[in-house]
């Protein structure tokens, strides 16, 4: 879509949002409002650029009569490339899921108990990062390991502002490798293990239509660390989507109904991700780094404890503040991924 089409769309949205009948349908009004907010920075930058160009033409006309206008013309001329570059960045097509919340799964992989402990470290890192940026988190499901780590854990992350969670955490999908001396190591030797992260945009019911007849729902007793029973009733729920074979389960809530609702949230997100990959080659390319098997060789990032170093293997980002990163200071590594994504998009639309 070119700039003229965006200007036309923006004008139409202004009219619609000013129509009281539109606000009688909250879902539609939210959709229009979200798109309006998305286009506003583009339109404002375009208007500012046009204003500077107009002022520059006037200043040049008057420069022969007054030197002050010649100085103003120089200043205005210097602003134009900056505004043109900003507009160029804003016109790069956005990921349609950028404003969505996410569901994240963290799974222990190779390394046994050490991998499960590292999965717990990753969970804490993401929870602390979400806290720093003002996002809300909710643990949907978890399976503890014997030493207090996690065999797997599922967490929902929701934004409180305009920026969606997916826009910043979509890069976290993949295999995360850790190098350190495990708590179970008596000889002080450094071991390498891995944990996997999967990230899905959270799907609403309107995004994914699921036929109840396509579901098989099994209930069972939830269990705690080491397989110990923590519930005397069949409150845990496992839902299988028969046409695709996708399975989602939850045992974290106290009631069967709550566990079923949480499992459905996970199922919707997984089915939407599959549908997008099948329908959109670009979506598939964006997820090509996401974990398929939790194998150390498929790493996207390494956390080296002896050197206090974090390395992202996709962008070449490296920093020696691993302790701060694990405490939630993820901004720099995420920014390096955002910059790489923007550079790739600009190159594709050059």
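Scanning segment 52-76 for residues that are within 26 Å of residue 6 (Cβ to Cβ) and either touching a strand residue (DSSP E or B) at 6+ places or on another chain (Cβ under 9 Å) or surrounded by 14 or more Cβ atoms within 10 Å (Cβ to Cβ) (or both) gives 52, 53, 55, 56, 76. Going by what's in this entry, would residue 106 be described as within 27 Å of residue 343 (Cα to Cα) and either assigned by TED's automatic domain parsing to the domain that holds residue 338 or at pLDDT 95 or above (or both)? The answer is no for residue 106.
In this entry, residue 164 is excluded by the filter for residues that are within 17 Å of residue 106 (Cα to Cα) and surrounded by 18 or more Cβ atoms within 10 Å (Cβ to Cβ). For residue 332, the conditions (1) farther than 18 Å from residue 106 by Cα; (2) surrounded by 19 or more Cβ atoms within 10 Å (Cβ to Cβ); (3) modelled with pLDDT of 95 or more all hold with the exception of (2).
Taken as a whole, the structure leaves residue 273 outside the set of residues that are at pLDDT 90 or above and either in a loop (DSSP other than H, G, I, E, B) or under 18 Å from residue 107 (Cβ atoms) (or both).
Close contacts from segment 315-338, counting a first residue that is touching a residue at least 60 places away in the same chain (Cβ under 8 Å) and a second that is surrounded by fewer than 17 Cβ atoms within 10 Å (Cβ to Cβ) and in a loop (DSSP other than H, G, I, E, B), with Cβ to Cβ under 9 Å and a gap of 6+ residues or different chains, come to 329/321; 337/314. Just checking, does segment 231-247 include any residue being surrounded by 17 or more Cβ atoms within 10 Å (Cβ to Cβ), at pLDDT 90 or above and under 22 Å from the mean Cα position of the chain (by Cα)? Among the residues of segment 231-247, not one is surrounded by 17 or more Cβ atoms within 10 Å (Cβ to Cβ), at pLDDT 90 or above and under 22 Å from the mean Cα position of the chain (by Cα), which makes the answer no. Each residue in segment 99-116 was checked for being buried (at least 24 other Cβ atoms within 10 Å of the Cβ) and farther than 22 Å from residue 171 by Cβ, and 2 of them qualify.
In the set 162, 141, only one residue is in the same structural domain as residue 299 (by TED's automatic domain parsing), part of a strand (DSSP E or B), under 22 Å from the mean Cα position of the chain (by Cα) and at pLDDT below 90; that residue is 141. One residue is enough: does segment 209-228 have a residue meeting the conditions at pLDDT below 85, assigned by TED's automatic domain parsing to the domain that holds residue 139, touching a strand residue (DSSP E or B) at 6+ places or on another chain (Cβ under 8 Å) and crowded, with 21+ Cβ neighbours inside 10 Å? Yes, segment 209-228 contains a residue that is at pLDDT below 85, assigned by TED's automatic domain parsing to the domain that holds residue 139, touching a strand residue (DSSP E or B) at 6+ places or on another chain (Cβ under 8 Å) and crowded, with 21+ Cβ neighbours inside 10 Å. In the set (1) surrounded by 16 or more Cβ atoms within 10 Å (Cβ to Cβ); (2) touching a residue at least 12 places away in the same chain (Cβ under 8 Å); (3) closer than 22 Å to residue 130 by Cα, residue 304 fails one condition alone, (3).
For segment 17-30, filtering for residues that are surrounded by 12 or more Cβ atoms within 10 Å (Cβ to Cβ) and within 30 Å of the chain's Cα centre (by Cα) leaves 4. No other residue among 123, 117 is closer than 24 Å to residue 159 by Cα and outside any strand (DSSP E or B) apart from 123. Filtering 209, 179 for residues that are out of contact with any helix residue (DSSP H, G or I) (no Cβ under 6 Å at 6 or more places or on another chain) and free of Cβ contacts under 8 Å to residues at least 12 places away in the same chain leaves a single hit, 209. Annotation: of all residues in segment 300-334 being assigned to a helix (DSSP H, G or I) and in contact with a helix residue (DSSP H, G or I) (Cβ under 9 Å, 6 or more places away or on another chain), the one that is nearest to residue 114 (Cα to Cα) is 326.
The values are calculated or read from the model by the stated rules, or taken from the named source; none is laboratory data. Since we're looking at a predicted model, the values are computed, not measured. Glycine gets a Cβ as well: all are built from the backbone with ideal geometry, and neighbour counts include every protein chain shown.
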